[in-house]
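The values are calculated or read from the model by the stated rules, or taken from the named source; none is laboratory data. This one's a predicted model, so the numbers in the text were calculated from it and none came from an experiment. Neighbour counts are summed over all protein chains in view; Cβ atoms, including those assigned to glycine, are modelled from backbone coordinates with ideal geometry. The accessibility values were calculated without ligands, DNA or RNA, using every heavy atom of the protein model including side chains. Shrake-Rupley method; radii C 1.70, N 1.55, O 1.52, S 1.80 Å.
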Amino acid sequence: MIENPRVRHTRNSLTYLALLAGALVMLFPLIWTISTSLKTPDKVTLRYIELIPDPWAFENYLEIFNDQPLLRYTRNTLILVAAAVFGALVPCSLAAWGFARIPFPGRRVLFGLLLATMMLPYVVQLIPLFIFFDRIGWVNTFWPLILPRVLGHNAFYIFLMRQFFRGIPVDLFDAARIDGASEFGVWWRIAMPMSLPVLAAVSIFAFQFAWDDFLWPLIYLGGNKENWTLAMGLNALKGFEGDENTMNVMMTFSTLMLVPMLLVFYFGQKYLVRGVSVSGLKG
Amino acid sequence: MAEALPRIPEESRERSRLSSLAYRYRHWVGFLFIGPWLLSLLLFDIMPFFANLYLSFTDYSVGLVTPNWVGLDNYIEIFTEDRVFAKSVYNTVYYMLFSVPLRLVLAFAFALLLNARLRGMQMFRTIFYLPSVVPVVATSIIFIGLLNTRYGVINQFLVLVGLDPVRWLSRPEWIKPSLVIMSLWGFGGQMVIFLAGLQSIPGELYEAVSIDGGNSWHRLRHITVPLMTPTIFFNLIIGIIGSFQVFTQVFVLITATGGPLQAGLVYMINVYNNAFAYFRKGYAAALSVILFVIILVFTVIMVRSSDRWVFYGDDER
């Protein structure tokens, strides 16, 4: 390709410039968050921008644990996370395997139904399910949030894993079947170990969703503060007399809530890309 | 390759292992695999869908043990008496009309930039994706701080460049723009999907344009955009369906009151209030049905229109 090197050089410089500007804008809220979390309350309400806290209030990160029941919130959130990740790894992958490599009667129809539910707006499920769970006394427990996960109620994960499974050459499975492996054995001993990228990907998605989740925990766990998740606890921080007094607490809380997500994504990045692209999401 | 030794065909080996009945129905084990999901389909998709429909025709509310059938009363009330309903539709459509296209354009533009074969693209990609990893509640809390009239950084910047500070969260006319701005921060999710799509475009196509004397604008218009239309379509639909049902960001940013003059009262906030604050679950169910229909209509329109502008495979249009 013949291109004037000067033109290319200019274009590259402009690209870097635009990217740099964009990156600064995108990062700025996070920088501000961390900075505010390390400020003393009086410095939060300054009328000019001061990004380097003066004085540094590292004690904010210790005091918040006295201030807020963070450990309780985290414990509750982790319950949801465990259910979500388990759901992605076991019931969802079982279903994905069924859809991928077991030609049972009606598979096509049911798979179509699966895809349809991916587009189903959550609003139509919200109220009837609450009434149902209320009737059986499950409101103010974790069960309404655990049950769907344990049954593998996530069409997206099933879809992703099914695509991945179908990408693995069929001979491997046939060979195992011939040698007497049960279908379950094929899934557990061959399909799963070969699918680490997509398993990692759905685990990360499941973690993020559960860590993030707000509406369902709000309506089912809202009644008892002992059951609150981190998201609910953070939300409850606002609205006190004069946000100024709590802004740095809110930022400390936010940062603490952020960090596990960042870690999960940082370590899972390469699996994410492999697991999703091999499933043909872009195709 | 060495000649394969003759061996018994796989199928008959399996055949001889299982009884004839077990062999004929061997695929039914698939139902065991999808069993839990199937159960969840009934419990969490099919049953609620029809129950919601039924509920919408009742007056189910607090204190009632059994709901009474009231026919279309809920719907009539929604369309004739409920001012909040009309407002919530307006707010939600406004949000969607600004948030979805702007996010799409940002995501596409930055994906194009990141598609360059330059050093550091990986790092930039991570930076742009990072805000999408931030929990939604945290994002909203952060923006409460950023958008604060007195000490929010956004206003401090405005003042720095000589503009007047904006009362983002206390004036009705700025509430929806605040919501839109907050939503733009998360364009990284769509960007990553666009990037994956861009990187699957074969380089030869670009070369063909260059050989024919075209420049990068021609490349964009005749190769990139047409080939990206399926991805654009995907992001568009996901974006629209999501923005119609936006809830958490709004709830956290401006609470369930919907803000000054209910300027930020989006549809889902109204549903939430009716269901859990006013305890009018039958009425809220009717609202859900209406939202479902709206989303359905939009989706059908989009899918129908996609025939005309989405480029699939090698068919020339």
Helix A:91-101 axis, angle to chain A major axis (alpha carbon atoms, nearest 10°): 40
Total charge dipole magnitude, chain A, about the Cα centre, Cβ charges on Lys, Arg, Asp, Glu only, Debye to nearest 20: 1160
Delta accessible area of at least 10 Å² on complex formation, residues of segment B:17-39, 1.4 Å probe, chain isolated as reference: B:R17, B:H27, B:W28, B:V29, B:G30, B:F31, B:F33, B:I34, B:P36, B:W37, B:L38, B:L39
Neighbouring partner chain Cβ atoms per residue of B:196-203, average, 10 Å criterion: 2
B/A buried area, accessible surface, summed, 1.4 Å probe, Å²: 8200
Charge dipole (segment A:1-145, unit charges on Cβ, about Cα centre) - positive-most of A:L20, A:Y61, A:I31: A:L20
Per residue convex hull volume, Cα atoms of segment A:1-104, in Å³: 217
Cβ charges +1 (Lys, Arg) and -1 (Asp, Glu), total dipole of the protein assembly as shown, debye: 880
Test item: A:95-106 mean partner chain Cβ contacts at 10 Å: 5
At R0 = 25 Å, FRET efficiency that the Cβ-Cβ distance of A:L262 and A:L71 yields, to 0.05: 0.80
Kyte-Doolittle mean at least -1.0 and Cα axial length at least 30 Å: DSSP H helices in chain B: B:83-114, B:281-309
Signed unit charges on C-beta, dipole axis of chain A, positive-most listed residue A:Q269, A:L80, A:T40: A:Q269
B:H27 - accessible surface, heavy atoms, 1.4 Å probe, Å² rounded to 10: 50
Distant alpha-carbon pairs in the protein assembly as shown (separation over 42 angstrom), percent: 30
Theoretical ellipticity at 222 nm over the protein assembly as shown - DSSP helices of four or more residues, -39500 (n - 2.57) apiece, nearest 500: -21500 deg cm²/dmol
Shielding by partners - mean other protein chain Cβ count within 10 Å, residues of B:282-289: 3
Span from the segment B:123-152 Cα centroid across to the segment B:255-291 one, whole angstrom: 26
All Cα pairs of chain A, percent lying beyond 23 Å: 67
Carbon/sulfur fraction of accessible area - the protein assembly as shown, other protein chains in place, 1.4 Å, %: 65
Rg [Å, one decimal], Dmax [Å, integer] - segment B:253-317, C-alpha atoms: 18.2, 55
Computed label-point distance, nm, for sites B:T80 and B:T255 using a 7 Å Cα→Cβ extension: 3.4
Degrees separating the helix A:5-37 axis from the principal Cα axis of chain A, which is the longest one: 70
Solvent-accessible area per residue for segment B:23-112 (1.4 angstrom probe, square angstrom): 54
For segment A:162-194, residues shielded by at least 50 square angstrom of accessible area compared with the chain on its own, probe 1.4 Å: A:I178
P(r) of segment B:15-142 over all Cα-Cα pairs, binned every 5 Å from zero, in whole percent: 2, 7, 7, 8, 9, 9, 11, 11, 10, 8, 7, 7, 3, 1, 0
Highest-MSF residue in chain B out of B:Q156, B:Q122, B:Q199 [GNM, Cα springs under 10 Å]: B:Q122
C-alpha center-to-center spacing [segment B:199-234, segment A:119-141] in angstrom: 47
Principal-axis tilt of helix A:155-167 within chain A, Cα atoms, nearest 10 degrees: 50
Evaluated over chain B, the Cα radius of gyration and Dmax, each in Å: 26.6, 86
Pairwise Lys count, chain A - Cα closer than 25 Å, eight or more residues apart or different chains: 4
